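This report refers to the structure that appears directly beneath it.
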Amino acid sequence: KQEVTQIPAALSVPEGENLVLNCSFTDSAIYNLQWFRQDPGKGLTSLLLIQSSQREQTSGRLNASLDKSSGRSTLYIAASQPGDSATYLCAVKTGTASKLTFGTGTRLQVTL
Amino acid sequence: DTGVSQNPRHKITKRGQNVTFRCDPISEHNRLYWYRQTLGQGPEFLTYFQNEAQLEKSRLLSDRFSAERPKGSFSTLEIQRTEQGDSAMYLCASSLARAGENQPQHFGDGTRLSIL
């Protein structure tokens, strides 16, 4: 059974700092890994999708990496802004299943 | 592309009542998913459809829960005889499944259910 863990559970950084969020998964037979952002009381916004054959994906100030063999992914946020404050979730699609298995998220606060 | 739409946004009901939620996926998407999210947790998979066929159901989906996607477009999730433990955010997602491709799932804003 796939299990996804995200560390840290919460993070507070001053504006302008670069930061790294971590995601680990127990079953390396994944099809893809997706990073999402969730604002309080809202749904999920897809940030980046990394296919199992890829090592990284970039979108603006965001860069996600994937090391399938070690069961790890990182989300790098450059030059953080207060508007980046949200919960960040990673999710994996494993084996023949279509469903996503989610971590519990990292709650990020970027302070002025 | 208007995104995934869910109604209602909030539902408050008494224990024992039946509730029904609706999800309208992105128009060309053939896959539709339901997830449940409780406070401080990540979403948990409930069920998914490819077109009108329900292809997988989680063990979380007790016999009080039923989902339909009658014409392969919108979907409904019904909970009968609601219990306190059903209080959660119910999220719908959709994706376009093509052979050999893994497309991202796109989520709606969810329906927040509160059981009194």
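The values are calculated or read from the model by the stated rules, or taken from the named source; none is laboratory data. What you are looking at is a predicted structure, and each value in this text was computed from that prediction instead of being measured. Virtual Cβ from ideal backbone geometry, glycine too; neighbours counted across all protein chains shown. Side chains included, ligands, DNA and RNA excluded: accessible areas come from the protein's heavy atoms. Shrake-Rupley method; radii C 1.70, N 1.55, O 1.52, S 1.80 Å.
Observations on the model:
- Residues of the range B:93-116 that bury at least 50 Å² of accessible area once all protein chains are present, compared with their chain alone (1.4 Å probe, heavy atoms only, ligands and nucleic acids left out), are B:Asn102, B:Gln105, B:Phe107.
- Annotation: the antiparallel percentage among DSSP beta bridges lying fully within the protein assembly as shown is about 90.
- Under 5 Å, built H, 5+ apart or other chain: amide partners of B:Glu56: B:Tyr48
- Once the partner protein chains are put back, the range B:1-27 shows a loss of at least 20 square angstrom of accessible area, versus the chain by itself, at B:Arg9 (probe 1.4 Å, ligands and nucleic acids excluded).
- Normalised contact order of chain A, rounded percent, pairs of Cα under 8 Å and 6 or more residues apart: 37 percent
- Sequence-distant residues sharing a close amide H with A:Asp27 (under 5 Å, placed H): A:Glu3
- Cα-centre dipole for chain A with unit charges at Cβ (Lys and Arg positive, Asp and Glu negative), debye to 20: 320 debye
- Rg to Rh quotient for the range A:41-112, alpha carbon positions, Kirkwood Rh: 0.97
- Per-residue ³J(HN,Hα) for the range B:27-35, Karplus 6.51 cos²θ - 1.76 cosθ + 1.60, θ = phi - 60°, Hz, x for Gly and Pro: 4, 8, 7, 9, 10, 9, 10, 10, 10
- Area of B:Glu52 that stays accessible when all protein chains are in place (1.4 Å probe, Å², to 10): 110 Å²
- For the protein assembly as shown, the extents of the C-alpha atoms along the principal axes are 49, 42, 35 Å, listed from largest to smallest.
- Distance histogram in 5 Å bins (all Cα pairs of chain B, percent per bin): 2, 12, 23, 26, 19, 11, 5, 2, 0, 0
- Among B:Leu55, B:Leu39, B:Leu96: highest mean-square fluctuation, GNM of chain B, C-alpha pairs under 10 Å: B:Leu39
- When the Cα positions of A:Pro14, A:Tyr31, A:Ala97 are compared along the charge dipole of chain A, A:Ala97 comes out farthest toward the positive end, with charges on each C-beta of Lys, Arg, Asp and Glu.
- Across the range B:69-80, coupling constants 3J(HN,Hα) worked out from phi with the 6.51/-1.76/1.60 Karplus curve, θ = phi - 60°, read 9, x, 10, x, 10, 6, 10, 10, 10, 10, 10, 9 Hz, and Gly and Pro carry x.
- Residues of the range B:52-77 whose accessible area, computed with a 1.4 Å probe over protein heavy atoms, drops by at least 20 Å² once all protein chains are present relative to their chain alone are B:Glu56.
- With θ taken as phi - 60° and the Karplus curve 6.51 cos²θ - 1.76 cosθ + 1.60 applied, the whole-hertz 3J(HN,Hα) list for the range A:31-40 is 8, 7, 9, 10, 9, 10, 10, 10, 8, x Hz, x standing for glycine and proline.
- Accessible area buried between chains B and A, both sides summed, probe 1.4 Å, in Å² to nearest 100: 1600 Å²
- In the full protein context, chain B carries 52 Å² of accessible surface per residue, based on a 1.4 Å probe and ignoring ligands, DNA and RNA.
- Carbon plus sulfur fraction of accessible area for chain A, probe 1.4 Å, in percent: 48 percent
- Accessible-area composition of chain B, carbon plus sulfur, in percent [1.4 Å probe]: 43 percent
- Take chain A with all the other protein chains still there, run a 1.4 Å probe, and you get 47 Å² of accessible area per residue.
- Each residue was assigned an accessible area with a 1.4 Å probe, and for A:Lys99 the value is about 70 Å².
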